[in-house]
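Reviewing the structure listed below.
Any read-out appearing in this document is the output of simple, stated calculations on the displayed coordinates, not a laboratory observation. Keep in mind that this is a model prediction, so the values were computed, not measured. Cβ atoms come from the backbone with ideal geometry, glycine included; neighbour counts cover every protein chain shown.
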Amino acid sequence: MDYKSRQSDRRDSTVVALAYQPIIRGYFAVAAAYYAIMTLSHLWLLDGTSLAFMASVSSITFLAALAACYKARTEVPAVRLEILTSMINLMVLANVLVALHIKFSQVKLDYFVMMAMIFAFASVSLRQALASITVALVALFAAAAAYDPANQLTYSFVGFAAAMSAVAITYFLRRAIGVAITARQEADYAREYAESRLAKAVALSETMRLQSMSDSLTDLPNRRGFFARLAEGKREAAEHRPVWLILLDLDGFKAVNDNYGHIMGDELLKRVASRLRDHCRNGAYASRIGGDEFSIIYFADAEQSSIDEWCRQLLDSLAEVYLIEDRLIQVSGSIGCHRISPDEPDARLMQKADFALIHAKKSGKNRVVLFEGKHAEKAAEHFKIERALRAADFAKEIELVFQPQYDLKRQEFVRAEALARWNSPAIGKVGPKRFIKIAEETGFIANITTTVLRKAIAVLEDWDDPIPLSINLSANDLNSNQTIDELMDCLRASDIAAGLIEFEITESAMMSDAGRATANLQRLVDLGHSIALDDFGTGYSNFNYLRTLPIDKLKVDRSFLENQADPMTERILRSLVGMAKTLNVLCLLEGVESELDLIIAKRAGAQLVQGFLFGMPVSAERLQSLRDTSMVLGRTG
Ligand code: C2E
Ligand code: CA
Ligand code: CA
């Protein structure tokens, strides 16, 4: 109800009763006092029947006025006040009539005039005022007619004056009180209105606060909500209670988004959030702090399971299959935890839990890692390399080494793999195992790949009898049309025959956006380049996509040579080689280090080998001279 409409229905009877209550009570109190005194004076001055009559009516009036005064102390309905006053008025009238009847005196007629005035004051409603004034004055005329007819006319004038005064009193008093009531009610309504507006504003701001703290997709608290909880966690930790900060990141969520679309991805996040909420029922608070990143504040309890076990159970529940729109989807999660200490800044706490999470991801995902000092060291190394990459001049700092690939049948080098070496002025020599991944994460890999290709082209142009080379492409390269454009520009700008450059790709490069990666690969194939599938056997090996990919060679990963004592090793190798044959592509076995490795490679049927036995990665010049001695090595092998 708004302010204007509240104004129109003002002055209800309760408010009127409330305004008249003090006047009415005053009237009752004065009447009680007056009739108490009158009862005493009757006892003192009268005797016989007069005493009996007068004392009875006055004492009854006294008691009634006292009771009415008591009754009217609380808020009473206007009608009840009207009844009470009418009753007392009649008793007052009765007192005068009895007194007149016992002994007439002219002065006693004046009481009727006074009564009219008093009734005019002490009435709750207009009808009551007019009625009681009328009764008082009619009684005056009746009494005058009965006891003093000679002065009837005089009393008519007195009665008329009394009537006028009483009506005037009634009118002005009611108006004054009416104005006061209206003013008060308006003030009340204005206050109520302001209060209701304020309450609405407060409610709205609370809703907005909650909304700003929660994530609209999953309804979990968001980053902001999380930091509020973290502050709470720190306060608890200050009381020596074990409180943990847990960071959870889904493994392979991007693939779900890419393969099934964002709507499915969103649905999956909702389902994950719901399982998370179920697991966090007592003593743990989950929030969503990023795309597929969640965080939990876990208030550990002595009776509850250990943090490790608790997190493991969470991962188990998240890893159960999700049925979304008739599809079965499975994701796992990785967890990094750090016990909250109250005096560490938020950023530091988050960083430590994050280091543990990075470690969990790096060491195979779907696991729980508690933060340890060494994670920080690894992370520090990561940041050091990242900083150096930012400052690097790759054309100057990247050098190539080449590792030969040997054809077992032709017994000669047929190709060499170009491998990057980075000599950073800031941090010294850094191997590719240390920097390639970080370069991929930070986006520098595109620069590195083009630098490597340019340098490889320069080497090929320099050689009279060029040795074919292979170049490693990372997943990022294959998924970036722009990088492929740049590489193709380099290739077209040179006069090098396409057959001299092969590209090595990995299965994982094809996974994230298979459509785009295949299209980009096809562009290179269309230029006449061959493609090798690197690290074969370590990835997903989806035979279906192997069939459709334009590849010429499988490079079987070195890990298959590691377990030579196991009779399965050779069988597996043989079946991998068999698969290459079925697909009608070449098979190269990587990491051939010893004579025994070579025998196994030959028995398995590999056509090509690469490894320390046939040569370490060397400079371009060394590679040229190595080519000649290889003939000798190959014959002995
Ligand atoms: P990869 O492509 O599998 O390259 C082969 C790696 O195995 C090379 O290590 C090589 O030195 C090593 N290797 C060769 N023969 C043997 C052997 O008999 N035994 C053992 N244990 N290892 C052997 P490297 O040069 O340290 O490179 C490591 C990885 O870094 C490469 O693995 C490749 O994934 C990546 N990488 C190197 N250069 C580049 C590059 O220019 N671009 C990209 N994207 N990645 C590169
Ligand atoms: Ca390679
Ligand atoms: Ca490899």
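Taking the alpha-carbon centroid of each part, what is the distance from the stretch 54-81 to the stretch 23-42 in angstrom? Their Cα centres are 10 Å away from one another. Taking 18 Å as the straight-line reach from the Cα of residue 378, the aspartates and glutamates in range (excluding those fewer than 8 positions away in the same chain) are 354, 386, 440, 441.
With a Förster radius of 35 Å applied to the beta-carbon distance between residue 437 and residue 316, the computed FRET efficiency rounds to 0.75.
Each distinct pair of alpha carbons in the stretch 114-236 adds a 1/r term; the inverse of their mean, the Kirkwood radius, is 20.5 Å. For the stretch 35-161, the convex hull spanned by the alpha carbon atoms encloses 97 Å³ per residue. Over the C-alpha trace of the stretch 563-631, radius of gyration and Dmax come out as 13.8, 41 angstrom. Calculate how steeply helix 223-238 sits against the longest principal axis of the alpha-carbon atoms of the chain, using the helix alpha-carbon long axis, and give the answer as 0 to 90 degrees to the nearest 10. Relative to the chain, helix 223-238 is tipped by roughly 80 degrees. Seen against the Cα atoms of the chain and their longest principal axis, helix 307-319 is set at about 80 degrees. Listed peptides 228-238, 492-502 appear in the order 228-238, 492-502 once ranked by packing, highest mean of other Cβ atoms within 10 Å at the front. A simple spin-label model places the labels of residue 152 and residue 235 9.0 nm from each other, with each point 7 Å out along Cα-to-Cβ. Provide the FRET efficiency to the nearest 0.05 for the residue 141-residue 203 pair, computing r from the beta carbons and using R0 = 56 Å. For residue 141 and residue 203, the calculated efficiency is 0.30. Here the calculated FRET efficiency for residue 407 and residue 293, from their Cβ-Cβ distance with R0 = 35 Å, stands at 0.15, rounded to the nearest 0.05. Report the far tail of the P(r) of the chain, meaning the percent of Cα-Cα pairs longer than 46 Å. Considering the chain, 53 percent of its Cα-Cα pairs are separated by more than 46 Å.
At the listed q of 0.11, 0.14, 0.18 Å⁻¹, the Debye profile of the stretch 211-303, built from one uniform point per Cα, gives log10 I(q)/I(0) equal to -0.34, -0.53, -0.80.
A simple spin-label model places pseudo-atoms 7 Å from Cα toward Cβ; at residue 196 and residue 575 they are separated by 7.8 nm.
Summing charges over all other residues whose Cβ lies under 13 Å from the Cβ of residue 493, with Lys and Arg as +1 and Asp and Glu as -1, gives -3. Here is the tail figure for the stretch 465-537: Cα pairs spaced more than 19 Å apart come to 29 percent of all pairs. Averaging the Cα positions of each part gives two centres, and for the stretch 297-360 and the stretch 576-596 these lie 41 Å apart. Once you reduce the stretch 470-484 and the stretch 154-211 to the center of their Cα atoms, the two points are 83 Å from each other.
Using the Cβ of residue 462 as centre and a radius below 12 Å, the other residues enclosed give a net charge of -3, where K and R count +1 and D and E count -1. The Cα trace of the stretch 130-169 gives Rg and Dmax of 10.1, 30 Å, the first to one decimal, the second as a whole number. Within the same chain, aspartates and glutamates fewer than 8 places from residue 254 are excluded, and of the rest, those with a Cα less than 13 Å from its Cα are 266, 292, 293, 513. Taking trypsin sites (Lys or Arg not before Pro) across the stretch 261-295, the ones in a DSSP loop with at most 15 further Cβ atoms lying within 10 angstrom of their Cβ are 281. To the nearest ten degrees, helix 126-147 and the longest principal axis of the Cα atoms of the chain are 10 degrees apart. Annotation: extensible slack from residue 281 through residue 263 equals 3.7 nm (criterion: 0.36 nm per residue apart, minus Cα-Cα distance). Fewest-first ordering of 27, 285 by other beta carbons within 10 Å of each residue's beta carbon gives 285, 27.
Under the simplified labelling scheme, the residue 80-residue 51 pair shows an inter-label distance of 4.0 nm, with each label point 7 Å from Cα along Cα→Cβ. In straight-distance terms, cross-link reach from residue 374 covers every one of the lysines whose alpha-carbon lies under 16 Å from its own, apart from those fewer than eight places away in the same chain; here that gives 352, 361, 362, 384. One decimal place: the segment residue 274-residue 421 gains 48.2 nm when fully extended, by the rule 0.36 nm per residue minus the C-alpha distance. Applying 0.36 nm per residue to the separation of residue 481 and residue 621 and subtracting their alpha-carbon distance, the gain on full extension is 47.0 nm. Dipole magnitude for the chain: computed about the Cα centre from +1 point charges on Lys and Arg Cβ and -1 point charges on Asp and Glu Cβ, it is near 2860 debye.
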